[in-house]
Structure formats: structure tokens, C-alpha cells
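This report concerns only the one structure given below.
The values are calculated or read from the model by the stated rules, or taken from the named source; none is laboratory data. All figures in this text were calculated on a predicted structure; none of them were measured in a lab. Every residue, glycine as well, gets a Cβ built from its backbone with ideal geometry; the counts of neighbours run over all protein chains shown.
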Amino acid sequence: MFTPDHGLLLLCWILYCALHSALAVSSWKHWVEQHTGPAFKYYRIIYSIFATVSLTALLWYHFSFPATQQLLHAKWFNYVGIVFGIVGGFVMAICIRKYFFNLSGIDVFYKKKISDVPKLEMNGLHKFTRHPLYLGTLLFSWGVFLIWSYPQHLIANAVLTVYVLMAIRWEEKKLVREFGNEYREYASKVPRLFPWKLNM
């Protein structure tokens, strides 16, 4: 069922996630800022373009794998997967729409207002989970696997799940440094990932 090519795919997903994280580390960005000066304001949009292009290439390779025998055979997995996929896709769409300018870096081409000063987001989906975009990503990706349970999807989801759980912990440390007790109080009331008391 698993072939050497699946091993290469696993390596590609690990490298993508590792590089994606490394380029977002504060120490690395500080080093780049020191060496680029005013041009550093374009870092996020360049990073976003690189991440998009590399992810597109990885997904092209990922979906080039043939549709072999599925790992799950019970029909109810498909129904659960459809629900997960729809809910996850909906959550991702809300988050991307809301944070597009900040996440993509395109806001560098617009004048920032005083109100654009970073603030802790606690409204909308953030009332139920501290990391809705990560939650939506996991629901969508595992939904795809439950519908089409091919080895390549299991490999991608395993890497993405580990990456998301690690990224959440890194991001939480950053949020504590940025917002201090305000974030600690918020974290004591709202679950980290799932909208119920099951913190990971």
C-alpha cells in the first residue's frame, strides 16, 4: 500500500512545514530586518507568495499519486468526512476573509490607521476557540481523508496535525509576550482548539 514514493511525499510535507515555520520565526525575521532595513516591510507579502507557490507545487505532486485502494471502507466515514469538510471549509473561509490583508502582507500597500494597532481578537469564532483557522484546517483536511482515504492523504494529514499542534504552542507563547495578562485571562475562558474543554 505504501511505496518509496510515499516516503518522498512524507519528506516533502515535513520540509514544507519546517521551512514554513522557520521563515516565520521572530529571530529569523529580526535578522532579515537588520539586513534589509526599510525593505523589510515587504517581507510578509514575499513570504506569502513563496508559501503559496511552494504549497501549489507540493499539492500538484501530492495529487499526482494514483487513487489506490482506500484505507477505510465503511460508508459512514464518507458522511462524517463530508460534514468535517464542509464545516472546516466554512471556518477557513471566514478566517481567511477576515484576516486576508494581515495574513497576506498586502496591507503594506495601504496606509495604516491608528486603529490598525494590533489588538487581541476575541470576537466571532474566537469566542469559541482561540485558533479557529487551525481548527478549520484540521477539520477540512481530515474530512478529505475520510472521504478519500488514500495513503497520500493520511501522510499529509499526519504531518499537518503535528505541525498545527506545534504551531499553536509557538503562537501562544508569542501572544503571551504581546498581550500578557490580557491573553492569559482570555485563554482561561476559551478552549485552545476545539470549542469544548479539551485542550491539547
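Looking across the stretch 139-162 at every residue that is assigned to a helix (DSSP H, G or I) and among the hydroxyl-bearing types (S, T, Y), the one that is surrounded by the most Cβ atoms within 10 Å (Cβ to Cβ) is identified as S141. Within the stretch 1-48, the set of residues being hydrophobic (A, V, I, L, M, F, W, C) and at pLDDT 90 or above comprises L8, L9, L10, L11, C12, W13, I14, L15, C17, A18, L19.
Evaluated against (1) outside any helix (DSSP H, G or I); (2) farther than 26 Å from F194 by Cβ; (3) in contact with a Ser or Thr (Cβ under 7 Å, 6 or more places away or on another chain), F65 falls short on exactly one condition, (3).
Annotation note: Cβ proximity below 7 Å between a residue of the stretch 23-46 that is without any contact (Cβ under 8 Å) to a residue 60 or more places away in the chain and a residue that is surrounded by 15 or more Cβ atoms within 10 Å (Cβ to Cβ) and hydroxyl-bearing (S, T, Y) (sequence gap 6+ or interchain) occurs for L23/Y47; K29/Y43; V32/Y43.
Count of the stretch 86-131 residues, restricted to those that are at pLDDT 70 or above, of a type in the set (A, V, I, L, M, F, W, C) and either in a loop (DSSP other than H, G, I, E, B) or crowded, with 16+ Cβ neighbours inside 10 Å (or both), is 7. Restricting attention to the stretch 163-200 and to residues that are under 17 Å from the mean Cα position of the chain (by Cα), among the aliphatic types (A, V, I, L, M) and surrounded by 13 or more Cβ atoms within 10 Å (Cβ to Cβ), the residue that is farthest from F63 (Cα to Cα) turns out to be L175.
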